Every structure is written in C-alpha cells, then in structure tokens.
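Each remark here refers to the structure printed beneath this line.
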Amino acid sequence: RPLRVAEGTTVAAALALGGDGSSRTSVNGQRRAPVCGMGVCHECRVRIQGRIRLACQTVCAEGMTIDNDAGTAPGSATPCP
C-alpha cells in the first residue's frame, strides 16, 4: 500500500510508520524487525525493486516498491513514499 514519508526517512522507519515494523518472515514463520539499526544484524532485509537491501540503511525514494518478505517467499509489496 502507498505510504508517504518525510524526505530522508529510512525504509525501516517507513515500515514502522506504515504497519507493524516487520521487515521479513523467518524460515520458522516468525515476523522479524530491525534490531541494531546500523546494518550489522541483517534482520531488516527487504526486497526493493527486486534487490535485497537493508531497510535501516536505505532511504525511501519516490516510487520505491518494498517487498517485506525478502529471503523467503515473496510477500506483499509496499510502495514508498
């Protein structure tokens, strides 16, 4: 679903603002969210425009499509902003 955020907002922050903050589903089916916020833990992996990215290290851009089930079966896409 479309979400408008302020300029400079990271994808991780947009996920938190637009829903439950989850970035992916683990292989055990548990929802995962950013932990460290600085790109070390990789819990915030998302698929953006078909490429795996870290949500905490990626700034939103107009028309960006985010699939918040990166690393597992494709999930619902979230356009940003």
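The values are calculated or read from the model by the stated rules, or taken from the named source; none is laboratory data. Predicted model, so just to flag it, every value in this text is computed and none were measured. Neighbour counts are summed over all protein chains in view; Cβ atoms, including those assigned to glycine, are modelled from backbone coordinates with ideal geometry. Surface areas here come from the heavy atoms of the whole protein model, side chains and all, with no ligands, DNA or RNA. Shrake-Rupley method; radii C 1.70, N 1.55, O 1.52, S 1.80 Å.
Per-structure values
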{"quantity": "Residues satisfying the stated conditions in segment 16-38, i.e. farther than 18 Å from Val5 by Cα and among the hydroxyl-bearing types (Ser, Thr, Tyr)", "calculated": "Thr25, Ser26"}
{"quantity": "Residue check, Thr65 on the phi < 0 side of the Ramachandran plot, open to solvent by less than 40 Å² (accessible area, probe 1.4 Å) and in contact with a strand residue (DSSP E or B) (Cβ under 9 Å, 6 or more places away or on another chain)", "calculated": "no"}
{"quantity": "Subset of segment 25-43 (residues that are farther than 14 Å from Arg53 by Cα, exposed (fewer than 13 other Cβ atoms within 10 Å of the Cβ) and either touching a residue at least 12 places away in the same chain (Cβ under 8 Å) or among the polar types (S, T, N, Q) (or both))", "calculated": "Ser26, Val27, Asn28, Gln30, Cys36"}
{"quantity": "Any hit, segment 5-13, residues being of a type outside the set (A, V, I, L, M), crowded, with 19+ Cβ neighbours inside 10 Å and at pLDDT below 90", "calculated": "no"}
{"quantity": "Scope segment 14-24; condition open to solvent by 50 Å² or more (accessible area, probe 1.4 Å) and touching a Lys or Arg at 6+ places or on another chain (Cβ under 8 Å); matching residues", "calculated": "Asp20"}
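Per-residue answers, yes or no, for (1) in a strand (DSSP E or B); (2) at pLDDT 85 or above; (3) at positive phi:
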| residue | (1), (2), (3) |
| --- | --- |
| Val40 | no, yes, no |
| Cys56 | no, yes, no |
| Ala61 | no, yes, no |
| Ala70 | no, no, no |
| Gly75 | no, no, no |
| Pro79 | yes, no, no |
